[in-house]
Amino acid sequence: MLCILLLMAAVVLFFVGRGRTSPGRWRLGAALSAVGGVLAGIFSCIHVVSAYEVGVPVTFGKVGSPLTSGIQFKSPFTEVTSFSTRPVDLDLNDKDVVEVRSSQGGVLYADVTIKWAVIPAKAVELYRLAGSAEGVQARLVLPDSREIIRNVFAKHTSEEGYASAREKIGTEIADSIKERLAPRGIDVTAVNLRNVRPSEQLQDQIDKKIQQEQATERSQEAARTAKAEAERKRIEAEGIARANEILEKSLSDKVLYNQCLEAYKEAAKANPVYAVPCGTDSNGTPVIVDGTKS
């Protein structure tokens, strides 16, 4: 537009100057306007694509081939939309945290960081889908990532989501997001499942379950201890009964008589006694008489 206005001004000044007595100044103004119009036209045909960017030219609604970084020549009526090819971090936390549900219906909150970048060769497709770099994240990366995260968590239990299977879930999310966005021209370089925390209601259920499990373990341990003690006492009683049975069978009269003789011999070694080898009182108890006493 500036080029056209300057050229029109140059033409007007030239013809106005022809009717003047001193046309020099008018012609000079016309010449300067013409030069300015030409320069404006030249600059309008030049577009510089910055490093780590790709441009999508649009001329009267028709999308052209992507423009790589550097100086590019285009039509004055062509608009160029630039897309950055540098990786961009999409942080889903705080207000943007993803609320998910497990296969058991428990509510969890997942903090996820997604690193993505535009594939230069697919810039035209992204322009048709989103219209701008901001639109790529708002219309493609963000909604698709949220959907995939919810779908993956819905396949796992609450305990797997916040504890035992977090690494596995993170891998499933990364693979699914890459598979979904790659055909659209978005290269997902990393997906980091940074934190998963249960909701307050789910946390209360988890605490109650842990308390019940601990109480059950204590009851089972007490039962095992009581059973082991009962088994020990049974074995001990059986041993005593068996020993008494053997002792009862082995204590015959001859054995007792022989033990009596052995006792007399030991007593005689220590003190001078008068022994009655087979003497017994009325109760059948052997009698040892000290000879030093009357």
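The values are calculated or read from the model by the stated rules, or taken from the named source; none is laboratory data. Keep in mind that what you see is a predicted model, and the values were worked out from it rather than measured. Because the Cβ atoms are built from the backbone with ideal geometry, glycine has one as well, and the counts that use them run over all protein chains shown.
Looking for something hydroxyl-bearing (S, T, Y), under 30 Å from K62 (Cα atoms) and buried (at least 18 other Cβ atoms within 10 Å of the Cβ) - is there at least one such residue anywhere in region 123-141? Lay out the reasoning, then the answer.
First, the residues of region 123-141 that are hydroxyl-bearing (S, T, Y): 127, 132.
Subset that is under 30 Å from K62 (Cα atoms): 127, 132.
Next, from what is left, pick out any that are buried (at least 18 other Cβ atoms within 10 Å of the Cβ): 127.
Yes, region 123-141 contains at least one residue that is hydroxyl-bearing (S, T, Y), under 30 Å from K62 (Cα atoms) and buried (at least 18 other Cβ atoms within 10 Å of the Cβ).
Quick grid of which residues meet (1) within 19 Å of N192 (Cα to Cα); (2) hydrophobic (A, V, I, L, M, F, W, C); (3) assigned by TED's automatic domain parsing to the domain that holds P66; (4) out of contact with any Asp or Glu (no Cβ under 6 Å at 6 or more places or on another chain):
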site: S103; (1), (2), (3), (4): no, no, no, yes
site: L108; (1), (2), (3), (4): yes, yes, no, yes
site: Y127; (1), (2), (3), (4): no, no, no, yes
site: S132; (1), (2), (3), (4): no, no, no, yes
site: Q137; (1), (2), (3), (4): yes, no, no, yes
site: V141; (1), (2), (3), (4): yes, yes, no, yes
site: S145; (1), (2), (3), (4): yes, no, no, yes
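Against the condition buried (at least 17 other Cβ atoms within 10 Å of the Cβ), assigned by TED's automatic domain parsing to the domain that holds G131 and at pLDDT below 85, how does G37 come out, does it pass?
Considered against the rule, which asks whether it is buried (at least 17 other Cβ atoms within 10 Å of the Cβ), assigned by TED's automatic domain parsing to the domain that holds G131 and at pLDDT below 85, G37 comes out as no.
Considering only residues that are more than 15 Å from R150 (Cα to Cα) and part of a strand (DSSP E or B), which ones fall in region 171-191?
I186, D187, V188, T189, A190
Taking region 74-115, which residues are free of Cβ contacts under 8 Å to residues at least 60 places away in the same chain, buried (at least 16 other Cβ atoms within 10 Å of the Cβ), of a type in the set (G, A, S) and within 23 Å of A165 (Cα to Cα)?
Within region 74-115, S102 is the sole residue that qualifies.
What number of residues within region 70-97 are assigned to a loop (DSSP other than H, G, I, E, B) and either at pLDDT 85 or above or touching a Pro at 6+ places or on another chain (Cβ under 9 Å) (or both)?
Filtering region 70-97 down to residues assigned to a loop (DSSP other than H, G, I, E, B) leaves 74-77, 85-87, 93, 97.
Subsequent filtering for residues that are either at pLDDT 85 or above or touching a Pro at 6+ places or on another chain (Cβ under 9 Å) (or both) retains 74-75, 85-87, 93, 97.
Total satisfying the criteria: 7.
Do we find that I149 is in a helix (DSSP H, G or I) and either within 13 Å of L108 (Cα to Cα) or at pLDDT below 90 (or both) in this structure?
Taking the combined requirement at face value, the residue satisfies it.
Has region 74-86 got any residue that is closer than 30 Å to S199 by Cβ and not aliphatic (A, V, I, L, M)?
no
Suppose we keep only residues that are polar (S, T, N, Q) and surrounded by fewer than 21 Cβ atoms within 10 Å (Cβ to Cβ) within region 153-192. Which one would you say is nearest to V54 (Cα to Cα)?
My answer is T189.
Mind counting the residues in region 142-152 that are of a type outside the set (S, T, N, Q), touching a residue at least 40 places away in the same chain (Cβ under 8 Å) and crowded, with 17+ Cβ neighbours inside 10 Å?
Summing the residues that are of a type outside the set (S, T, N, Q), touching a residue at least 40 places away in the same chain (Cβ under 8 Å) and crowded, with 17+ Cβ neighbours inside 10 Å in region 142-152 gives 2.
Output the residue which, of all residues in region 183-218 that are of a type in the set (V, I, T) and over 20 Å from T113 (Cα atoms), is modelled with the lowest pLDDT.
Restricting to residues being of a type in the set (V, I, T) and over 20 Å from T113 (Cα atoms), the top hit is I206.
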